[in-house]
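For reference, the structure is listed below as structure tokens.
The values are calculated or read from the model by the stated rules, or taken from the named source; none is laboratory data. Keep in mind that this is a model prediction, so the values were computed, not measured. Cβ sites come from the backbone with ideal geometry, for glycine too, and all protein chains shown count toward neighbours. Heads up: the accessible areas ignore ligands, DNA and RNA and are worked out on the full protein's heavy atoms, side chains in. Shrake-Rupley method; radii C 1.70, N 1.55, O 1.52, S 1.80 Å.
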Amino acid sequence: MAKMRHSLLLTVSAVLVYAFLYVPLAIVVLYSFNDSRLNAEWVGFTLDWYRKLFANQEMLTAAGNSLIIALVSSAISTVLGTMAGFALHRYKIKALQILVLTPIAIPEILVGVSLLIFFVMLNMTLGMLSITLAHIAFSMGFVAIVVQSRLSGMDESLTEAARDCGATPWQAFRRVTLPLIMPGVVAGALMAFTLSIDDFVITFFTAGANTSTLPLQIYSMIKIAVTPEVNAISTLLMGLTLFLIILASKLSPNAFRS
């Protein structure tokens, strides 16, 4: 009886927690189709807010900036993160682990402020370049974790067999190791892309006055009111993020398991 009561309590607690997390998201999606400028009550179904969204030039420009930054930063951070993950797997050096994983553990607001100070010290004009460099800095560690996890599950004897057959270290990596860890590399790239296109805090500090990304544009819109147009872009961004996360988890399901 006590076991059944404990199981029921655990089930109810889980339902309440998941409801707290996902019901607000469901409401955002629902009201993006509401035929009213007010989110107070449901009036009727419409796609007008999505049409207005795709006619909003400022929003399209911000979305284009976010896409460019996410593509460039994820590509570079994937290369650097793969190298870092390989180094973490090969060399068990504590200092190296701290250097690679510290940007993940540090609060984003601290990362954003420190990068802002760094860019100002370099007299760099804040804009697309500064945002891209900032995103590379904080997403590289996530790629390294995923790649390291994939390497930990790889059979090292395959690489040793390639070396015994006369392959150089680079040939063994390119023809044996890289194909085996490619799902982890792709999963890391997708995660870096998701982190970049969704980021607000670090982008806010490193964007400057003349550059806007999708999260910054959404923030500027909700300071007045949360309109169905904001709900529409939030729904699209949510859908893209969930798709990439699911794809990354399918490619590397054990990425964050020790």
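Assuming R0 = 30 Å, what is the FRET efficiency of Lys250 and Val17, from their Cβ-Cβ distance, to the nearest 0.05? Provide the component values of the computation, followed by the final result.
Working: r = 24 Å, r/R0 = 0.81.
Working from the Cβ atoms, E equals 0.75.
Among Leu60, Leu88, Leu122, the largest mean-square fluctuation in a Gaussian network model of the chain, built with springs joining Cα atoms closer than 10 Å, belongs to Leu122.
Given a 1.4 Å probe and every protein chain left where it sits, what share in percent of the accessible area of segment 73-175 is carbon and sulfur? Walk me through the numbers before you get to the answer.
Working: 4060 of 5850 Å².
Whole-percent figure for carbon plus sulfur exposure: 69.
Considering only DSSP states other than H, G, I, E and B, which chymotrypsin sites (Phe, Trp or Tyr not before Pro) in segment 39-76 qualify as loop sites with at most 14 other Cβ atoms within 10 Å? Mind showing how you got there, number by number?
Numbers: sites: Trp42, Phe45, Trp49, Tyr50, Phe54; in loops: Trp42.
Sites meeting the loop and neighbour criteria: Trp42.
For the chain, a Gaussian network of Cα nodes joined below 10 Å ranks Phe142, Phe119, Phe200 by mean-square fluctuation, and the top entry is Phe119.
Taking every protein chain into account, the 1.4 Å probe leaves Tyr18 with about 130 Å² of accessible area, to the nearest ten. The modelled label-to-label distance for the pair Leu158/Thr125, using points 7 Å beyond Cα in the direction of Cβ, is 4.8 nm.
With runs of 4+ DSSP H residues as the only contributors, calculate the mean residue ellipticity of the chain at 222 nm using -39,500 (n - 2.57) per run, divided by the residue total and rounded to the nearest 500. Display every interim value, and only then the final one.
Details: 12 runs with 195 residues, N = 258.
Counting only the DSSP helices, I get -25000 deg cm²/dmol.
Please give the contour-minus-distance gain from Val29 to Ile104: 0.36 nm per residue of separation, less the Cα-Cα distance, rounded to one decimal in nm. Walk me through the intermediate numbers first.
Values: separation 75, 0.36 × 75 = 27.00 nm, distance 3.00 nm.
Length gained between Val29 and Ile104: 24.0 nm.
Within the set (1) 33, 20, 19; (2) 38, 27, 18; (3) 30, 27, 15, the number that semi-axes √(5λ) of the Cα gyration tensor in Å takes when calculated for this structure is listed as (2). Only protein heavy atoms count here; on that basis, with a 1.4 Å probe, Leu25 has an accessible area of about 70 Å². Simple spin-label estimate for Val201 and Leu242 gives 2.5 nm between the two label positions (7 Å along the Cα-to-Cβ direction from each Cα). Whole-Hz Karplus values for segment 82-89 come out as 5, 4, 5, x, 5, 5, 5, 6 Hz, taken residue by residue from phi with 6.51 cos²θ - 1.76 cosθ + 1.60 and θ = phi - 60°; glycine and proline positions read x.
Residues Thr11, Thr206 ordered from highest to lowest accessible area at a 1.4 Å probe: Thr11, Thr206.
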